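Remarks on the structure that follows.
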């Protein structure tokens with residue numbers, strides 16, 4: 001006994017049409033996949049660059065903060081040294097050492113010492129920090145004289161106040177984190 005199968009021609013035609021559509025779709029899928037892969041790679045590279053840039057920015061901010069704290073600490077240390085030195089009065093235009101403190105006389109030049117690249121009398125202060133955050137700041141003390149009133153609220157002010165400009169500089173790493181701080185410190189003479 002034999003069976004005869006009849007195929008519906010519409011099914012055969014539909015099947016052939018699907019094969020033709022499938023072949024063209026495989027090429028389009030490949031192209032779309034490659035485009036998606038390139039886009040994902042570009043997004044990944046951009047993310048890595050952004051992250052590394054942010055890490056560098058955080059590192060610079062940390063270095064600057066440590067430098068600022070070291071310079072500020074140096075200002076306070078030098079103010080205490082001025083009081084301990086009794087307060088010193090150097091000769092005009094020269095730098096002299098008083099105990100552990102180096103003080104420069106009144107500036108006679110138009111260029112400020114702290115801004116002069118030729119000035120070499122910066123003095124090292126005490127180390128600040130520990131480990132990799134250790135910094136040795138430099139300082140400069142300039143005697144400004146005793147012609148300033150001690151109390152600006154009195155009618156006849158006495159001029160027994162000595163004033164000093166203290167400049168502290170600190171840097172951690174390279175010049176990007178250099179900090180320069182100044183304070184005017186007044187002390188009384190007995």
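Bear in mind these aren't lab numbers, they're just calculated from the coordinates by the rules spelled out. This one's a predicted model, so the numbers in the text were calculated from it and none came from an experiment. Neighbour counts are summed over all protein chains in view; Cβ atoms, including those assigned to glycine, are modelled from backbone coordinates with ideal geometry.
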Quiz item: Using a Förster distance of 30 Å, how high is the FRET efficiency between residue 124 and residue 176, based on the Cβ-Cβ distance and rounded to 0.05?
Solution: 0.90
Self-check item: Distance in nm between pseudo-label sites at residue 96 and residue 186 (7 Å out along the Cβ direction from Cα)
Solution: 2.4 nm
